[in-house]
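**Q** Dropping a structure here in structure tokens format, bear with me for questions.
Readers should treat all values here as calculations from the given coordinates under stated rules, not as data from a laboratory. Since the structure is predicted, the reported quantities are computational estimates derived from the model, not experimental observations. So basically every Cβ, Gly included, is an ideal-geometry build from the backbone, and we count neighbours across all protein chains shown.
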Amino acid sequence: MHDLSKAMAHFNVLKDGLDQSPILTFNQFLQEAAANPQRVVRDVYQIYGDMINTFVDDGYDEYGNDPESIQFLKYDCSRLFVEGSDRPFFADRLFSNRLIRHAESFKVGAKQNKIYIFEGPHGSGKSTFLNNLLRKFEEYANSPEGRRFEVVWRLKHDSSEKGASDHLNDLKKKLVRVLVNEGQNALVQELENGCLEEIDPGGYFNVPCPSHDHPLLLVPKDIRRKFFDDLFEDGEFKWQLFTEKKYEWLFHDEPCTICVSLFEELLKKIKDPFKVMECIHARPYSFNRRLGEGVSVFNPGDKPLSKTVMTNPNIQRSLDGLFCGQNPVSYVYSRYAKTNNGIYALMDIKSHNSDRLMELHNIISDGVHKVEDTEEKVTSLLFALMNPEDKKLLSDLHAFTDRIEYINIPYVLDLQTEVEIYRENFGKHIDESFLPRVLHNFARVIIATRLRTQSEAMQSWIRTPEKYQLYCDTNLQLLKMEIYTGYIPEWLSEDDVNNFTAKKRQKIIAESEGDGWKGFSGRDSIRLFNEFYSMYAGEDKLIDMSMLGTFFRKYCKLDPDILPKGFLDSLLRMHNFTVLQEVKESLYYYNEEQIAKDIINYVFAVNFEPDTVEFCEFTREKLEITESFFRRFEGRVQIDEAAAKGFRSSVQKAYTTNALPQEMLRDGRKISDTSLFKTLHEKYVYNLKEKVLEPFMKNENFRRAIKDYDLEGFKTYDKRIQSDVTFMIENLQHKFRYSRQGAKEICIYVVDNNLARIFSNT
Ligand SMILES: [Zn+2]
């Protein structure tokens, strides 16, 4: 066999015309392949994986440094399923992880001749999912980033055939003239556009490969290794090409029977491989779901085609003419050829689609199928959707489980996603009608109906769920929901957090495959939300937990099994606990960084007289040093007014005699490493924990001041209470995104329900 590379090199000069010309010569195509190998050399599995990568960014791990992480990541699938879609699909965290794993399996080169069945209950959004996925696939595959090439043969008519085509063209011109005179412009247009297009005035005709073969497959198999070694530059791509499983197709696959026989017949006729290669051209593989090119979707009601074998009489006539009737190449192919190297999808396995599934299974088991006398190979990405009850009906299905891979697509189990769905359906403004967390709690109730009550995985992690009864249900469903959203709650004990090993996490996530098959469907939840929202959203009062409780208790009466017993009570307790934490944190700064700043600012400020403004050189904060500035800090370390002056001067003394000259200047320590700081820190934290809720429990004035906040009477309270209440309400707004009204309502809620006392031992 000749070395083609030298001869091919001459085609370099043609490179300039690439972008203008939709059809490339084989050599132009090779130039393109050599220049962009990663893009040009891809099969449908790689394209699919690249498409997912393009629209979904790398996953995000909220606990990046966690050594027990199992890479259960947050993926933003909105560009894939939401943007630009009339009917968006929301992938929850569990499903998006599953989908990404599925796409990644192709990169590794897992066994690919399988049918991927997305199985989920009614109302889980399966068809919306598949429609959006295919729409994006089509968009990507037709874009420059996703473009691939397919074989099109450009052949010269034999002379008699050319005569015929010239004759036809003459006729066409005459016909056009007549029609123009008659004013039949529409017909003229039709003639110009479609009719006779296969007849080329230069005497050529095109034979597209009906199987959309990749042009590189036309390089004879026995020279491919050497050929690619010369074609591609040494480097990362070439290394991958020769070593990675995902490129094996390029060495193993054969072109379709039509291309193979055309190649052989031309070689016999022309007797020059270079001349034969010149007949091979490449054009972009263009995907069109509506025409079934590259992407085909079948509904159960789509009747089987009456004609299972496709032909093209014009092309066949030209081919027969070319080969003078000897060993003619038969241009016949099946419906499957049109989605070779593309996606073939079945919406719901029932009715005619059950038959299609069986047929597909037989095809992929054998790898090829017969079209009249010839064998056709099918390499498509095969997708199907299925409801669980159809699985039971298909008794034969279990017989070919090795060819089927199921990907579960149950109801949404991640509350963030569930809330996103409400926002999408009812508008982002719905948040404004709710007190913080109540909207998410609505989603928690919906999700609870979808979870199985017993969870072995959760029980093996937390053996005594009762210890969390203040913030979680005994079945640990509320905790499980948090895990499903990728969140590890702070109320877990240190032991349980340490015990939350990768193995336990795997087990919980694996168990999620069995959740989401019952309870309120996606459609139900939208209906319920609509009912709830129109009943309670009003201008005067934000939607709170009691409204939520009333609403769902009504449903529990109708169907006592819809929620586990006591779930709504547990949800309320968890809500109360969380709210109280927020109020606690808002009443006093609680975080370490802020505590350190408070202490350092105080230590710095005691060196100045009240009613000055100073810039703290350690925290870089501007301090308004006033009597109440001092008192706020002193109050928190339990120094009463009488002892305040003495305390202040003792701190100043400790600072100027020990901390500053010795520990800091002499020993080079930071202010936060001095013994003065440590003593104050200990006092501060101890008192914070002990006393934070005291005003709520003991100080009747404080409680009344909350209710009077924003009212005229508020000004009559003493300055300290006014400042604490204002401080708390402002913090609730800044830190926890309460509205002003919401912040006040939640404080009153804490007071009215006596939450401070209920949770006083936590
Ligand atoms: Zn072909």
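**Q** Percent of Cα-Cα pairs more than 18 Å apart in region 257-299, please.
**A** It works out to 50 percent of all Cα pairs.
**Q** Continuing with the same structure: Only bridges whose two residues both fall in the chain count here: according to DSSP, what percent of them are antiparallel, nearest 5?
**A** Looking only at bridges with both residues in the chain, the antiparallel portion is about 55 percent.
**Q** Where in region 689-762 are there trypsin sites (Lys or Arg not before Pro) that are in a DSSP coil and have at most 15 other Cβ atoms within 10 angstrom of their Cβ?
**A** Numbers: sites: Lys689, Lys691, Lys698, Arg703, Arg704, Lys707, Lys715, Lys719, Arg720, Lys735, Arg737, Arg740, Lys744, Arg757; in loops: Arg737.
Loop-located and lightly packed - Arg737.
**Q** Between Cys556 and His2, 0.36 nm times their residue separation minus their Cα-Cα distance comes to what?
**A** 191.5 nm
**Q** Hey, what's the Cα Rg ratio for region 564-620 versus the globular rule of thumb, 2.2 N^0.38 Å?
**A** Numbers: Rg = 19.5 Å, N = 57, 2.2 N^0.38 = 10.2 Å.
Compactness ratio reported: 1.91.
**Q** Additional query: Go through 404-416, 368-380, 488-500 and give me the packing order, highest mean Cβ count within 10 Å leading. Mind dumping the intermediate values first?
**A** Values: 404-416: 21.4, 368-380: 16.8, 488-500: 13.4.
Put in order of decreasing packing, that is 404-416, 368-380, 488-500.
**Q** On alpha carbon coordinates alone, what is the Rg over Rh value for region 113-160, Rh being the Kirkwood radius?
**A** Details: Rg = 19.3 Å, Rh = 14.7 Å.
Checking Rg against Rh, the ratio lands at 1.31.
**Q** Roughly how large, in nm² to one decimal, is the mean projection of the convex hull of the alpha-carbon atoms in region 406-491?
**A** Projected area, direction-averaged: 6.9 nm².
**Q** I'd like the orientation of helix 627-636 relative to the chain: the angle between its Cα long axis and the longest Cα principal axis, in ° from 0 to 90, rounded to 10.
**A** 80 degrees
**Q** Which value at 222 nm does the chain reach when only helices count, each DSSP H run of 4 or more adding -39,500 (n - 2.57), with the total divided by all residues and rounded to the nearest 500 deg cm²/dmol? It would help to have the intermediate numbers written out before the result.
**A** Working: 35 runs with 381 residues, N = 762.
Calculated mean residue ellipticity at 222 nm is -15000 deg cm²/dmol.
**Q** Can you tell me the 0 to 90 degree angle between the C-alpha axis of helix 641-654 and the longest principal axis of the chain, rounded to 10?
**A** That works out to roughly 70 degrees.
**Q** Could you list the trypsin sites (Lys or Arg not before Pro) in region 239-342 that lie in coil according to DSSP, counting only those with at most 12 other Cβ atoms within 10 Å of their Cβ?
**A** Here the sparse-neighbourhood loop sites are Lys271, Arg290, Lys307.
**Q** May I ask for the Rg/Rh ratio of region 200-346, computed from Cα atoms with Rh as the Kirkwood radius, given to two decimals?
**A** Answer for region 200-346: 1.01.
**Q** If amide H atoms are built 1.01 Å from N in the plane of the peptide, which residues on other chains or at least 5 residues away come under 5 Å of the amide H of Val371?
**A** For Val371, whose amide H was placed from the backbone, the distant partners under 5 Å are Glu376.
**Q** Give the cross-link partners of Lys645 among the lysines, using a straight C-alpha distance below 24 Å as the criterion and excluding same-chain residues fewer than 8 apart.
**A** The reachable lysines, counting only those whose Cα sits under 24 Å from Lys645, are Lys597, Lys622, Lys653, Lys678, Lys683, Lys691, Lys719.
**Q** Would you compute, for the Cα atoms of the chain, the largest minus smallest coordinate along each principal axis and list the three values in descending order, in whole Å?
**A** 118, 71, 62
**Q** For region 72-162, which trypsin sites (Lys or Arg not before Pro) are both in a DSSP coil and crowded by at most 10 other Cβ atoms within 10 Å?
**A** Answer by residue number: Lys111.
**Q** Quick one: plug the Kirkwood hydrodynamic radius of region 415-579 (C-alpha pairs) into Stokes-Einstein at 4 °C, 1.567 mPa s, and report D in µm²/s.
**A** The calculation lands on 78 µm²/s.
**Q** How long is region 47-89 along each principal axis, judged by its Cα atoms, biggest number first, in Å?
**A** Each principal axis gives a Cα extent; for region 47-89 these are 40, 23, 11 Å.
**Q** Kindly provide log₁₀ I(q)/I(0) values, in the same order as q = 0.11 Å⁻¹, from the Debye equation applied to equal alpha-carbon scatterers of region 599-677.
**A** -0.28
**Q** Could you order peptides 599-611, 551-563, 452-464 by the average number of other Cβ atoms within 10 Å of their residues, highest first? Working shown, then result.
**A** Working: 599-611: 17.8, 551-563: 13.4, 452-464: 15.3.
Averaged packing, sorted descending, gives the order 599-611, 452-464, 551-563.
**Q** Right, next: Read phi for every residue in region 572-583 and hand back ³J(HN,Hα) as whole Hz from Karplus 6.51 cos²θ - 1.76 cosθ + 1.60, θ = phi - 60°, with x for Gly and Pro.
**A** Karplus-based 3J(HN,Hα) across region 572-583 equals 5, 4, 4, 4, 4, 4, 5, 4, 5, 4, 5, 5 Hz.
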